[in-house]
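Below is one structure, written out as structure tokens; the observations come after it.
The values are calculated or read from the model by the stated rules, or taken from the named source; none is laboratory data. Since the structure is predicted, the reported quantities are computational estimates derived from the model, not experimental observations. Virtual Cβ from ideal backbone geometry, glycine too; neighbours counted across all protein chains shown.
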Amino acid sequence: MTSPRLPPPRLTPLAAWLRGLGLLLAFAALGDALVRLSHLPVPGSVLGLLLLWLALGLGWVKLGWLEAAADHLLGILGLLFVPATVGFVGYLSAGAAWGWWLLVMLSGLLVGAGVAGLLAARLVRSGPEEPGGGA
């Protein structure tokens with residue numbers, strides 16, 4: 001006769017957060033190491049995210065294991081952009097030289113988004129064709 005399986009012990013919130021952060025950092029480090037070894041032209045963090053996505057899809061990693069750390073990191077996401085913003089502000093004077101290029105790119109983006117929006121609205125409005133109701 002086998003003994004009944006006991007459920008795994010529940011982790012404290014701090015332990016759950018550390019487990020999630022450790023998994024996120026481990027996948028980022030794994031992606032970085034694979035890029036360095038294979039000389040792929042992809043950032044290591046992107047490869048790490050793809051590996052994490054694969055592990056989640058295959059069930060090797062449970063979403064609940066990552067939730068606490070991911071929610072916390074999303075909560076402070078604005079602070080994570082501060083160094084990039086400070087670096088950008090340091091180069092604003094150089095931005096005047098390529099201001100016209102920025103204007104051209106922004107207008108192209110707006111025109112493309114507008115055309116895509118109008119096309120999507122027209123497709124949604126027309127709806128699917130009724131079977132047998134065509135010409």
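Overview of values
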quantity	calculated
Where a residue in the stretch 78-94 is at negative phi and its partner, wherever it lies, is modelled with pLDDT of 75 or more, with Cβ under 8 Å and at least six apart	80/73
Condition broken by residue 35, with the remaining ones in (1) more than 17 Å from residue 68 (Cα to Cα); (2) β-branched (Val, Ile, Thr); (3) surrounded by fewer than 13 Cβ atoms within 10 Å (Cβ to Cβ) satisfied	(3)
Yes/no for residue 10 being touching a helix residue (DSSP H, G or I) at 6+ places or on another chain (Cβ under 9 Å), part of a helix (DSSP H, G or I) and of a type in the set (D, E, K, R)	no
Matching helices (runs of 4 or more DSSP H) fully within the stretch 51-94 where at least 2 residues are surrounded by 10 or more Cβ atoms within 10 Å (Cβ to Cβ)	63-75, 82-90
